[in-house]
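Inspection log for the structure reproduced underneath, given as structure tokens.
The values are calculated or read from the model by the stated rules, or taken from the named source; none is laboratory data. All of these numbers come straight from a predicted model, not from anything done at the bench. When we count neighbours, we look across all protein chains shown, and the Cβ atoms used for this are built from the backbone with ideal geometry, even at glycine. Only protein heavy atoms, including side chains, enter the accessible area calculation; ligands, DNA and RNA are left aside. Shrake-Rupley method; radii C 1.70, N 1.55, O 1.52, S 1.80 Å.
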Amino acid sequence: MDTDKELRWEDLPKAAREFTSFLDLIIDSIMEDHLPEWFVSTEIRCHKKRCHGTIYAKYSEIEDAIHWRCNTCKTSGVITNMGLNM
């Protein structure tokens, strides 16, 4: 890939686009739920193959981050630098 070119969504690998969209769904869900400080169901299905669990997430004001986890396979992550702690 030419480094002088602007990166386009279509140029990203499919797995990267899918995971980015998954994280975007989590962010949207938490924002709609008014930034809960405890884990709540996002009603989003886990992104792992063969897992049919649901993603639970919460917002940490101290960390300015969203913590998420699957209730079945325990896959989890943190979305940092949300820019909401002002």
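Worth pointing out:
- Largest mean-square fluctuation among Ser21, Ser29, Ser41, in a Gaussian network model of the chain whose springs join Cα atoms under 10 Å apart, belongs to Ser21.
- Take the chain with all the other protein chains still there, run a 1.4 Å probe, and you get 75 Å² of accessible area per residue.
- The computed Cα Rg over 2.2 N^0.38 Å for the structure shown corresponds, within [x] 1.22; [y] 0.99; [z] 2.10, to [x].
- Nonpolar atom fraction for the stretch 6-86, defined as the carbon and sulfur part of the 1.4 Å probe accessible area, stands at 50 percent.
- When the charge dipole of the chain is built from unit charges on Cβ atoms (+1 for Lys and Arg, -1 for Asp and Glu) and taken about the Cα centre, the candidate among Leu23, Leu35, Ile55 whose Cα reaches farthest toward its positive end is Ile55.
- Calculated mean residue ellipticity at 222 nm for the chain: -7500 deg cm²/dmol, from DSSP H runs with n ≥ 4 weighted as -39500 (n - 2.57), summed, divided by the residue count and rounded to 500.
- Computed extension length for Thr80-Asp64: 5.1 nm, one decimal, from 0.36 nm per residue of separation with the Cα-Cα distance subtracted.
- Candidates per GluC sites (Glu not before Pro) in the chain, loop by DSSP, up to 12 other Cβ within 10 Å: Glu6, Glu37, Glu61
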